[in-house]
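Q: Before I ask anything, here is the structure I am working with.
Laboratory data are not the source of any read-out in this text; all were calculated from the coordinates shown. Just so it is clear, the model here is predicted, and its values are computed rather than measured. Backbone-built Cβ (ideal geometry, glycine too); neighbour counts: all protein chains shown.
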């Protein structure tokens, strides 16, 4: 969205963090963020010379005195906790240091302050358990996507759509949707692709609109991703741990945003989600990142979203078949089902090392296997 609509300073911060990554192209980022390159360079230079204060409007409040008494520091701890009730001692300590506060107490001291002021639920604190973490090696290698359980507003039900980068935990999308249809997801995901570029692969569950729990896993939405050159993975059925990072993100979203208020409509949800997304990415210390922020580990993809898709082409000599209206192809006088997601599209047949077996590819992605030795399906 153009700057000036909402969360302007947060967008500047996100832009600058991505622009300062090694190898980043400020002009390309400016295009994705819908600002003039000279504006992008201006905010980069302000950040370099003044830090985060340089991203504020010139009418910003003056920086407070660095001299603090213990009582003032405790008041800051309490104020930050009240703004972020789900943050513990380590997150609060890290965020206060990142803000330049002098004399920040240790996390254990901050936890004691919270206990002393009745800001910690003893049962919730005791229930915390260490977890084993896995992550991809680099940003944009895998994005996880899912819908958070829908909830009512005064107008309609809100279906929060979330997309999280596996490596950095950077939240690319937190969108208030009125439904869970493929068209809705595609519209929201296109906005993310235009801003951050294309990932190598996306991980989703097996439900609609991106999965089909039947025999054929492919949907029109999945075929659209393959056409863009984005690989598609589905989690194990009834096994949400496969998308553990997005599931954990959903718990944080509920604790820090959704569960804290009543909602008027989708627009109010969208504004609150977008403001919190920037807090989550650029301010909130993340336990799995050694209390760094997701934005410090994320870099936008070099793969730009194509507004117009090029024609599908396969190597000379490749066996190509067009998928018919019933989702089938014809090969050697036999019929094989590929899936209605690919109706009207060309697919390639490539022989495997096993006699009589072929892999079926759509663009660069294997979507099925064809076995001439099996009974005709």
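Q: Which residue fluctuates the most in the chain, going by a Gaussian network model with Cα springs under 10 Å, if the choices are 176, 295, 262?
A: Top of the fluctuation ranking is 262.
Q: Same structure, new question: If we sort 42-54, 339-351 on the protection proxy, mean other Cβ atoms within 10 Å, highest first, what's the order?
A: Going from most to least packed, we get 339-351, 42-54.
Q: Taking every DSSP beta bridge that has both residues in the chain, what percent is antiparallel when rounded to the nearest 5? Each step should come with its number before you reach the end.
A: Values: 31 of 37 bridges.
Rounded to the nearest five, the antiparallel share is 85 percent.
Q: If you don't mind, another one. Between residue 117 and residue 187, 0.36 nm times their residue separation minus their Cα-Cα distance comes to what?
A: Between residue 117 and residue 187, full extension yields 20.7 nm more.
Q: Right, another one. Is it possible to state the helix-based mean residue ellipticity at 222 nm for the chain, with each DSSP H run of 4+ residues giving -39500 (n - 2.57), the sum divided by total residues, to the nearest 500 deg cm²/dmol? What is it?
A: Working: 12 runs with 129 residues, N = 377.
Result for the chain, helices only: -10500 deg cm²/dmol.
Q: How big is D, in µm² s⁻¹, for region 70-126 by Stokes-Einstein at 4 °C and 1.567 mPa s if Rh is the Kirkwood radius over C-alpha pairs? Numbers along the way, then the final one.
A: Numbers: Rh = 11.2 Å.
It comes out at roughly 116 µm²/s.
Q: Connecting C-alpha atoms closer than 10 Å in a GNM of the chain, tell me which of 355, 137, 270 has the biggest fluctuation.
A: Result for the chain, Cα springs under 10 Å: 355 fluctuates most.
Q: Sorted by mean Cβ packing within 10 Å, highest first, what order do the peptides 86-96, 109-119 take?
A: Per-residue mean Cβ counts within 10 Å order the peptides as 86-96, 109-119.
Q: Of the candidates 27, 83, 138, which one comes out as most mobile in a Gaussian network treatment of the chain with C-alpha springs shorter than 10 Å?
A: 83
Q: Right, something else. Averaged over all directions, how much area does the convex hull of the C-alpha atoms of the chain cover when projected, in nm²?
A: Mean shadow area of the hull around the Cα atoms is 23.2 nm².
Q: Need one word for region 8-55: rounded, prolate or oblate. Basis is the Cα gyration tensor (sqrt eigenvalues a ≥ b ≥ c); a/c below 1.5 gives rounded, then a/b vs b/c decides.
A: Verdict is prolate for region 8-55.
Q: Translational diffusion coefficient, Stokes-Einstein: compute it for region 220-377 using the Kirkwood radius over C-alpha pairs as Rh, at 20 °C and 1.002 mPa s, and state it as an integer in µm² s⁻¹.
A: Value of D from the Cα-based Kirkwood radius: 108 µm²/s.
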